[in-house]
Every structure is written in C-alpha cells, then in structure tokens.
Amino acid sequence: MARKEILICSGTGCLSAGAEEIEDKLMDELWKHELEDKYPVARAIKRTGCMGPCNLGPMIIIRPDDTFYGNLEPSDVETIVEEHLLHDRIVRSLLIEDDGHKVEEFQKLDFIKGQKKVVMRNSGDIDPSSLDDYLENEGYMAARKAVTLMDRDEIIEEIKDSGLRGRGGAGFPTGLKWEFTAREDEDEKYVVCNGDEGDPGAFMDRSVLEGDPHSIIEGMMIAGYAVGADQGYIYVRAEYPLAIRNLQKGIRDAESEGYLGENLFNTDFDFNVELRVGAGAFVCGEETALLSSIEGKQGRPKYRPPYPAQSGLWDQPTVINNVETFANIPIIIEKGSEWFDDIGTEGSSGTKVFAVAGDVENTGLVEAEMGTTIEEMIKIAGGVAGGKDFKAVQIGGPAGGTIPEEHIDLPIDYDSLEEAGTIMGSGGFIVLDEDTCMVDVAKFFLDFTQEESCGKCPPCRLGTKRMLGILEKITEGEGEPEDLEKLEELAETVQNTSFCGLGQASPNPVLSTLRFFRDEYEAHVYEKECPTGTCKALIAAFSIDESLCVTCGKCEQVCPVDAISSGEESYTIDSDTCISCGECAKVCPVDAISEGGNE
Amino acid sequence: MSTVKFTVNGEQVSAEKGETVMSACEKHGIEIPKLCQHDALDNVMACRVCIVEVNGEQIQPACGLKVEKDLEIKTETDEIKKYRRMNLELIYRSENHYCMFCESDGDCELQDLMWENEIDHFEHPRLFPDRPIDSSHESIVIDNNRCIRCGRCVRACEEVVGNQTLGFGGRGLENEIVADANDPLGESTCVSCGMCLQVCPTGAIFNKHSMFKGIKDECDLTESTCLRCSVGCATEVYTRTGHLVEIEGAGTDEESGGQLCEMGRFDPLLDKSETIDEVIYKENGTEKEMSLAKGLEKIAEVLDEGEEISAMASGDLTNEVLDSFSDAMRAYGALFDVVGAKRHRFEKEVKRRINMIEGHFIDDIKEVMEADHILLYDTSVRDTHPVLASYIRRAAMNGTRLITIDAYEDRFWEHSDISISVESPKTQLTRLVNQVIREGKGSIEDLSRVSSILGGLRVHPEDVMQVVKHLEEPTYDIIILGSEIIDRWSLRHIFELAKLEGSYLISLNQASNQYIRSLETEGVYEEPDIAYVLAGDEDEQEDMKNLVENADFSIVQASKRSQLTEKADLIIPSLSMFEREGTTVNINRKEKEVKQVMEPKGTLKSEKKFFEELVKKR
C-alpha cells in the first residue's frame, strides 16, 4: 500500500467553512487508529492554499490517487480514515457528484477539468508556509536562472515576447513597463506588488498570496533584477490576515535561507522585500494612490504623467504590478516565452484567474486560458444554478460591465471584453440568472464605488452619488422619464472628467446595463414595474385567495415581518406590513398566494 | 529656456518648456476657469473645472497638462463646456451653497464661476449633508458645508506653512477637511497663521473678526508692510469707511510668499485698546487734556530742565520716525536707544573681537530651506518670527537636519532631529559646544572625553557629539539665533562656532525695523531724571517699562493706552502703525514701504513735523 498523503484546503473560504475542525478530527482519528507512524505528525496532513471549488469546502485530497472529498462534516472523517486510509476503499457516499455521477479524482471534477493552472500552479498543492515545499516544486529555480544565466535585457525581452499583460485590469504589456523602468538612470528603484484587491467578491490575489507566497517574492525578485531595483514592497490589505501571515513567514524564511538579502545566488545582486499593510481603501488599488499610501501619506491618486515607471515610490522609478502578474513571471522564465505565448489568444496570452460567483452551481476560483468563452466558463462552474436561464455575466467588478446572453460565445480576452463594453478588471465573474434585475445590479456596484471614492474630484465624489440617487429613485418606482437621460449625462461626465481610473470606470456598470438592458430600465420608469420582481417597492403586496387556502399555516411561519395572521376560513396578509418578499407564495402548497392577487 | 509653440482655440501660443497649459494660456490672456489651482501651491488637478480638449480627442486638466510642441488645445468646445457646467453644478448643489446666507457672498470663486458659466437653474436637487461647523478656534471658522474639497487649505498648511495640521478625513461624500486626527481646530497643532482662509475660494474657511464687515470689492485696499517682526511681510489691508476689515498676505511678496502670522493677520483686528488722541498731563493723580501746541511746550520745558535724559524708541517704527525722534532727542542732549539695538551693538563688538566677516551673515531667510543642517539656538522664533519658522519646518520636512537648543520647551519638537534642552544658563551650553569642537576635534568619538568637558551640565553627551558631528560635515549649515539671546558671551560662542565650522548665520532681533543697525544708539541712563519713550504697537517691552518706572519724570508717546501710559507723567499721542507712512528695513536688509492705511484719528498728524517743532522749541 503506497503511503498516503492528505491535503486539506486551508484557504480563507475553507477555513470559514470549518476546515480546522476537519483537520482536528483527522488528527484524532489518526491517533485513535495508531497511525501516527504512517503519518508522522509533521507530514500527516498538508495544509494547502485554495484548491478552487470554494462551495465544496471543507475539502481534502488523498494522494497518491488524488481522491477528492468535499463538503465534509466532522462526522465524515471517521469513515474516511477507517475506510480509505485503513482499507484503501474509496468512500463513495462522500464523493462529489457531477451531473449525477460520482467523481473520484480531483482532476476529473468538471470544475477542474476545464481549467488551466498556470498562476495557481502551486496553490492547493503545496504548503504555502513551507519554503521547502516551494523549493521541491522548482521554487526559486527561475530566479536562479534569471540572475545567474540571463542579463537584464534578455529577461525583459523574454517577458515582452511572452505577451504577458498586466493582470490588474488595464492589461498594459508587462515587459514594456519593465523596460521603461530599466531605462531610467537612477540608483534607487523599486518593485511594488499591488495586492490591494478591492473588488467586491474578488479573491484571486488573496488566494495566490495565501496559497503560494514565494511565487510572488520570486516574481518580484526577477523584476528587481531586470530593472535594477534591490527593494520590493508588497502592499496587502489588512483584511487578508492569512495572506499577511503566510507572506511574513515566506519573507522571513527566504531571508534566512538566502533567497532574499545580499549577494543572491552568489552574484552581486541584492534584493529585499518588505510587507506594507493597507487599511482597505478601494482607491489604494490605484497605483499612484497605493504608492502614496506606502510612503505613509493619504491614499489619493496623483496625476500621471509622470508614470510610476519613471517617477513612482519616493519619486524613484518603480515597477508596480499586480499579484497575478508577478505569479506568472517565474514560470515564464522557467518554461520560456514561447510556451506562455502558446497559451491563450493572440492578443492575450496566458491564463486568467476569475472569482466565479453569483447564480452558478459551483462558485470559486477558476483559472482559464485566455479566449475561453463565457459559455465555457459557466460550464466549468456547473452551469446556472437551479436550472434557471442565463441572463448576463458581470465581468471586471465595479469598473467592469455586464455582458448579456446574446454574447455568451464571447471569448474572454482583453480586446473582446473591451469591445463588448467591459474590461478584464481584476477578474470578477458574476453570473446572473433570469431573476436578476439589471437596474439593481447597477445600483449595487454604484453604491460601492460612490462610497469608496477618495473624494478628490467632484465627478467621482458627487457624480456617482447623484447617479446612485437616480437609480434609487428608479428602483423605488419614482423614476421620471428624464432620469435616464440625466443618468447618461452624469455617466458621461464622470467617465470623461474623473481624475483616476476608479472614477472614470465607475459608470461602466450603469452604461453597460443601459446598453443591453435599457428595456428593463424603461419598465421601471414608465410601467413602474420590475420585470424580475426584485425591486420590492415596485411589487404590490401579496394576498391570499380565500377560496383556495387550506389554512395549513406554512405562510405564517415563513413570513419574516409577521404580516400574516390566521382567520376562520383563511389566512390573511396585512398589506401595509408586507414587504413583498414572496416567501409565503413559495411555501404555499396550493398556490393560493400571489402578488397583488385577490383584492 | 527653450520655447514651445502650440495652439489654443486655433491661435498660436508660445510657452516655455515644462510650463502648464494653464499658465501659458494665462500669460496670453486666455482665462481657463479653475477652482483648486493656486499659484502658491502645487497643482493637484482635483476640481476638474479647468478641463480642456487635447488634440481633438482627450480631455485633460489645463493645470496639470504640460505644453508640448504642436499641441492643439481647445478650452471652450460644447463638450468641454457641458462637462465643466456639470461639474460646477455637482459642486454647487452638493453642499450648503446658499450664497445670500454666506460670509463670502461676493468674494467667492465658485460663485463667480457659476455666474460666468450662466448656471442659474439646476438639474439636481440640493444635497444637504448638515456637517458640524468648527468654530473652536479664536479666529478661524471651518464650515465643511461650504467646502468644495479643492484642498487648497490642506496644501497651504503643508506646503507653505510647513505645518500639516489640516488634512482630508473620510471617503466619498464623507470626505471633509479635518484638523490633525479630527480634532477641533482650536485644540489642534494649528499655528493660527490664517493661510488656510486666505487661499479658500469659498466661504468654507473664514476670519471671525472680519466676517460680514464687507466684501473685498467694496473695500479700500492698501498694500503695505507688516511691522510685527523683522520678516516684514507684504500686507494687503482692506478697510471700509476708515475701519479695518481684513489683512491678507501679498502673494507676490518674496519674503513671505503670501504668508502672514497671527500677529500680522489677526491681532490688529482684535486690538480693542483705547486710543490716545490728545496730550494728557497728569497732575496730582488726575489727567488733564492739553492741546498739541501746549504739549510741545511742556515737553521742551521738561527736557530743558533735565540733566540726565534717556530716550528710547520702539523697534517697530519707520526709519523716518526713528530719525526725527533721534534728532530731536540728541538736540536736547539725551542718550538715545532703540529696543533691540543693544543686541546689534553687542554683535558688532563680538564680530570685531573675533574678526568675523559679514559673509557669514545671510540676507535671505528662505535660504534655510537649502541648508543641510540648521542649528536653531532659542526656539522662540516660532512665536517671534513665525514666517521664518515656517521655512524651518519646511526645511525639516524636506530632509534638512534640524538641531534645536533651548532653555525651555523645544517649540519645534515635531520637526527637530536633535533637541537639546538646557536648564542652566545658556552661555554654558554655547561654550560647551565650542569646547567640544576645539578640544574634542579628532577625538569626538571618545564619549568619556566629551562627558568630562560637559562637566555637571545635564545634557546628554551623545546629543552634543551628534551636533558636533553634523556641523563638522562639509555641508551647508545655517545657525539661527533667536532674538531672546542678549548676552555677549553667548553671541561670542555662537559666532565663533560659525566661524570655526564655516557655517552661516541668521541673527534675529526683537526690533522689526533693522534700520537700527545703521542708527547711532547707545546705552541709556537706567535711572534718569527724565525718560522719553516712543512706543510702537507691540506689547510693552521690559526695557521701556523699567525706564519709565525708574525715571523722575516720564514722557510716553503712544497711540494707545497701555501699562506704559499708566505710569507716565505726560502722555503724547503718536500714530498707530496703520496711520504711519514711511519705510522700514527687514531682516533681509531690504527697504520696504509702509503705507498709510487710515487717516490719523488724533490731533497729531505727522510725527516728523512734531519732532521738528520740538527741536525748534529748544
């Protein structure tokens, strides 16, 4: 019997789903069965970073067979240990089902099959707090190769040839950025990693930082060598405690093992990395605001030019890249630009990690080849949840836009997305089903951006607030015909005259929903109707058809506001108290309850 | 400087390379509307009102965009006008901009732009956030309800005053101007210079003592020089029907860059002391008014009888008044001194003894911002010369190492790299520093040696060694000597130190008018028969008070009642600083004009004439 290894996903998602409890239980069971020799404590269970299919957490993989168990309860652990570990029998009842059939191996999950792991190559596979584990997986080989065998221009050429574009959202060619900084004739230069991931629902960067911190350090080191910088800063938000912990450990380990510090790889190249923790202001994801924040100033964007590549941190030339961008660097150096360029499309090489959320069967992190279509992405995520119809997908977070059903075959790459009126952004991918109100979606994102505006310029600080006001008016059924025009005018002003990218992009969710779903807006304004029944103010109170009511009382139990009371023949709903949530109608066994209805 | 040609609204314009489009346009008479841009401050491109069209495609703020060859700029396209108006409306409708109920109605840059852009009806309802008003400060009110978040005040506080009291707090609609960590301004680190309210384009920050007294356009404006300290800031004094309304700094002024301090900006507005309009003679404890002619006769009579006469003038008077007063007093055989002149006489003596050349003295206080090290001896400069203090803070913020030595509290504690406080007489410390340098040269690493030189002084030897090390570096070092030091030994030690280390010196003086350097003065009788004191507008000086107290008969000439006039036997009216006309010499040895702001109220109309008459009476 081959020695087994247990991997337990210890990403933030699984930890909150109860991974630690599962781990404790596993340890107990191993002890109980006197398996501690076979599974010496230090190596018994490997805590990995995010494995990806977050809604299946807590989850474990048992090697060498890669057997995958998800959605575990502590009570399942006993069975797994007894059956699988002791008797080498797969516990079929605990396997995850895809389309009705049980999947044994992790790699064969539909969710994993369609993916291409480049950035997430180590996450979910190695123990992120172990430098040894990283080294066993070719860690720091790329940096060694770059520093000892390649000269600066060669590295920059390699990155340029790979076609890698910035994963922070705007997609600027990374090699070109490095070249600008390398060309600057200054002694002090810096490399900065932007880990201020702020889009609602996005956690790609967090997962990479948590699951594979050394790959970021290595990527930054290669950048530092290429542009002539010996100091790097990683900026992470305080809301990512696990990422911070793993990075701190990673930096300390790398320092003590000589992978950071002076004379790296026995050359005259020095490189150090410091961690800077931000307070979670969305605007600090904007590069100039982030640099101000590192300098200890208020996180407010600065005018460009000069760009950070020429004058960044403390006015010195600075390469600033996103987490995911840096994660791509070591593997490009290791496998070569051609290998990387072959992945993806012509204008967008490589992969992109998306945080897939919303109305899909399986939410979580999906790393897909550039050019994967929206439809394929949804398929990876197990399709629209509950068998409902697909309506649209919101890509790119608060700065992105919404793509409707008719473009479901759109390949996801920088240029196609831009053409469709959205951006790659940092990788938000929210699937919306037929029950989603698009006005409500726009309102959600605008509510976020107006609150996160740094307040520096009026269009962003005040324009977004005004737009939100109009959207609120519309969803409350008070929309006036001229409101749509006002909304567009405001959007245009905010887009064209805001100071930084945050402001300029903030009307995108409104503009793209207006472009593809104008009829929905119009229904709200002219018909005072929310076609999907989302906007409560536009729905009449529910009522019960006395002739059908069987006085079972189920409706009374589910009503969250106690609007339902029992009568002699039938239950009744107090229309003043009713908030039109529709819960009663869902539970009524005889369909006696309807909106408006029997008045 | 190379020039670049580009077009604005189809017209060819040439500008200097590196210049912004806004500045180039303004030089050619093309006005671009703006709110956050201010010539004294860095451009932050925040207000989005100065937007222009670039090469028919982009929209950029003119205050941030640098000129480039063949750039095509359009400032008034339909699109630009539309966006500009939208942004103005957003600004105007989002806070409490009810002009008719605002202190700055008529003095408001936002209001002007609303007029110019003919925005008289609105698309959007008024938001009314109802933010608390901060009126905790004695003179300055901050009303965030009228704030447009242009950040001029924040920049002025940091960039000009070097103080960093004001900042932004909160995000989005919660974004507001706050003092320190959202403290009431009156309890903050504010130095009360009022630069914030001077640059505020709206009624968000205003002067309590000037409010509702009149809009600037309806006031008379006099450009003058402040006589509160020897920096001699250029002032713009607004009056209305002969009453003081507001005092501002002149942006064109080289010394101050538009700054004023609490003394120059607020104190004159706060001064409510009783003025002296007539000659008053005290007889058996009662005051009797007298005509000016009678007063003259009385003075002549008294002075003629006196054997030992001491005359002392304030250092805050004009050259002309000092000259004519000195002439008159010498005509009567009096000894003549000016407050602050003693320090000059001592300095002269020290310089002669140690053979020190004038080259060590700097005549541009802004030079402190270029220094590598500043040794500030006596930190009272924060209160006596606040504008110079702002340059010291700015220097420290930009990397100059600041070393402070003071007998009391270090008033630059937030900025000093080394702060040495001495409880013992100051002379000892200066001697000490010198001694360490002389005896310890080459062996200053030896701590015990330094300690032995330090003897019983309660000073950390490490600190002194650091000071010595810094000054020994071949860098540009400036020693600033506060005005409170008036003992010869200290002066000697510090001057020697400067000579030894090749440092430069700025020597401050109590007197605001440095004309006293060239005026002949001498020590006066301490207990004279007769004392004649010509006071200025400053608070009473010790020297003057002592003189009046110790004289058998005292004449005090002043514009307002004070402790001096209380004790005087004969009180003569003088002009106040706003009634006087003449010249003054500031710390940079530059002659500056003092203009008459208001007509003299009392019977005395010209001091010069008065003293000439007095001479004739002899």
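The values are calculated or read from the model by the stated rules, or taken from the named source; none is laboratory data. Bear in mind that the values here come from a model prediction, so they are computed numbers and not experimental data. No Cβ is skipped: glycine too gets one built from the backbone with ideal geometry, and neighbour counts run over all protein chains shown.
What to note about this one:
- Boolean, B:Asp120 is more than 27 Å from B:Met211 (Cβ to Cβ) and either among the hydrophobic types (A, V, I, L, M, F, W, C) or surrounded by fewer than 17 Cβ atoms within 10 Å (Cβ to Cβ) (or both): no
- For region B:28-73, the set of residues classified as more than 17 Å from B:Leu113 (Cα to Cα), within 14 Å of another protein chain (Cβ to nearest Cβ) and of a type in the set (Lys, Arg) consists of B:Lys66 only.
- Whichever residue in region A:161-183 is part of a helix (DSSP H, G or I) and either in contact with a Pro (Cβ under 7 Å, 6 or more places away or on another chain) or among the small types (Gly, Ala, Ser) (or both) and, among such residues, is farthest from A:Ala309 (Cα to Cα): A:Ser162
- Look at region A:465-487: where a residue is touching a residue at least 12 places away in the same chain (Cβ under 8 Å) and a partner is assigned to a helix (DSSP H, G or I) and small (Gly, Ala, Ser), sitting 6+ places away or on another chain with Cβ atoms under 7 Å, you get A:Met467/A:Ala491; A:Leu471/A:Ala442; A:Thr475/A:Ala537; A:Glu476/A:Ala537; A:Gly477/A:Ala537.
- Scanning region A:282-301 for residues that are modelled with pLDDT of 90 or more and more than 10 Å from every other protein chain (Cβ to nearest Cβ) returns A:Glu286, A:Glu287, A:Thr288, A:Ala289, A:Leu290, A:Leu291, A:Ser292, A:Ser293, A:Ile294, A:Glu295.
- Considering region B:153-164, the residues that are surrounded by fewer than 24 Cβ atoms within 10 Å (Cβ to Cβ) and within 14 Å of chain A (Cβ to nearest Cβ) include one that is nearest to B:Val368 (Cα to Cα), namely B:Glu159.
- All of A:Asn362, A:Asn321, A:Asn328 fail the test of being modelled with pLDDT under 95 and away from chain B (no Cβ under 14 Å), apart from A:Asn362.
- Residues in region B:544-567 that are surrounded by fewer than 23 Cβ atoms within 10 Å (Cβ to Cβ) and more than 25 Å from B:Phe578 (Cβ to Cβ): B:Asn546, B:Glu549, B:Asn550, B:Asp552, B:Phe553, B:Lys567.
- Selection from region B:8-18 of residues that are assigned to a loop (DSSP other than H, G, I, E, B) and either surrounded by 19 or more Cβ atoms within 10 Å (Cβ to Cβ) or within 13 Å of chain A (Cβ to nearest Cβ) (or both): B:Gly18
- Any hit, region B:282-297, residues being of a type in the set (S, T, N, Q), in contact (Cβ under 8 Å) with a residue 60 or more places away in the chain and over 24 Å from B:Lys605 (Cα atoms): no
- Set A:Phe180, A:Phe172, A:Phe203: member being in the same structural domain as A:Gly280 (by TED's automatic domain parsing) and either at positive phi or free of Cβ contacts under 8 Å to residues at least 40 places away in the same chain (or both): A:Phe172
The rows are residues; the columns are (1) within 14 Å of chain B (Cβ to nearest Cβ); (2) assigned to a loop (DSSP other than H, G, I, E, B); (3) within 21 Å of A:Ile579 (Cα to Cα).
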| residue | (1), (2), (3) |
| --- | --- |
| A:Glu488 | yes, no, no |
| A:Thr493 | yes, no, no |
| A:Leu502 | yes, no, no |
| A:Glu520 | no, no, no |
| A:Val525 | no, no, yes |
| A:Pro531 | no, yes, yes |
| A:Thr534 | no, yes, yes |
| A:Ala537 | no, no, yes |
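- Meets criteria (within 39 Å of the chain's Cα centre (by Cα), surrounded by 14 or more Cβ atoms within 10 Å (Cβ to Cβ) and without any contact (Cβ under 8 Å) to a residue 24 or more places away in the chain) for B:Cys108: no
- Unique match (being farther than 28 Å from B:Asp267 by Cβ and touching a residue at least 40 places away in the same chain (Cβ under 8 Å)) among B:Asn117, B:Asn144, B:Asn163: B:Asn117
- Selection count, region B:588-618, where residues are surrounded by fewer than 23 Cβ atoms within 10 Å (Cβ to Cβ) and β-branched (Val, Ile, Thr): 2
- Residues located in region B:83-98, provided they are more than 9 Å from chain A (Cβ to nearest Cβ) and touching a helix residue (DSSP H, G or I) at 6+ places or on another chain (Cβ under 7 Å): B:Tyr92, B:Glu95, B:Asn96, B:His97
- Region B:172-196: number of residues that are of a type outside the set (S, T, N, Q), in contact (Cβ under 8 Å) with a residue 24 or more places away in the chain and within 14 Å of chain A (Cβ to nearest Cβ): 3
- Unique match (being in contact with a Cys (Cβ under 9 Å, 6 or more places away or on another chain) and at pLDDT below 95) among B:Arg265, B:Arg228: B:Arg228
- Residues of region A:358-401 that are among the polar types (S, T, N, Q), surrounded by 21 or more Cβ atoms within 10 Å (Cβ to Cβ) and closer than 19 Å to A:Gly171 by Cα: A:Thr372, A:Gln394.
- Evaluation of A:Gly280 against (1) within 27 Å of the chain's Cα centre (by Cα); (2) within 27 Å of A:Tyr140 (Cα to Cα) (one fails), failing number: (2)
- Flag for A:Val118 being of a type in the set (Val, Ile, Thr), part of a loop (DSSP other than H, G, I, E, B) and surrounded by 14 or more Cβ atoms within 10 Å (Cβ to Cβ): yes
- Residue count for region A:121-148, restricted to those that are assigned to a loop (DSSP other than H, G, I, E, B), within 21 Å of A:Glu158 (Cα to Cα) and assigned by TED's automatic domain parsing to the domain that holds A:Tyr259: 3.
- Within region B:192-225, tally of residues that are hydrophobic (A, V, I, L, M, F, W, C), assigned to a loop (DSSP other than H, G, I, E, B), at pLDDT 95 or above and more than 22 Å from B:Thr384 (Cα to Cα): 3
- Meets criteria (over 17 Å from A:Lys177 (Cβ atoms), away from chain B (no Cβ under 14 Å) and touching a helix residue (DSSP H, G or I) at 6+ places or on another chain (Cβ under 7 Å)) for A:Glu257: yes
- Residue count, region B:536-562 (criterion: more than 28 Å from the chain's Cα centre (by Cα), assigned to a helix (DSSP H, G or I) and of a type outside the set (A, V, I, L, M)): 3
- Considering each residue of region A:440-461 in turn, none proves to be more than 30 Å from A:Asn194 (Cβ to Cβ), without any contact (Cβ under 8 Å) to a residue 12 or more places away in the chain and either surrounded by 21 or more Cβ atoms within 10 Å (Cβ to Cβ) or within 14 Å of another protein chain (Cβ to nearest Cβ) (or both).
- Of everything in region B:83-105 that is assigned to a loop (DSSP other than H, G, I, E, B) and among the acidic types (Asp, Glu), the residue that is surrounded by the fewest Cβ atoms within 10 Å (Cβ to Cβ) is B:Asp105.
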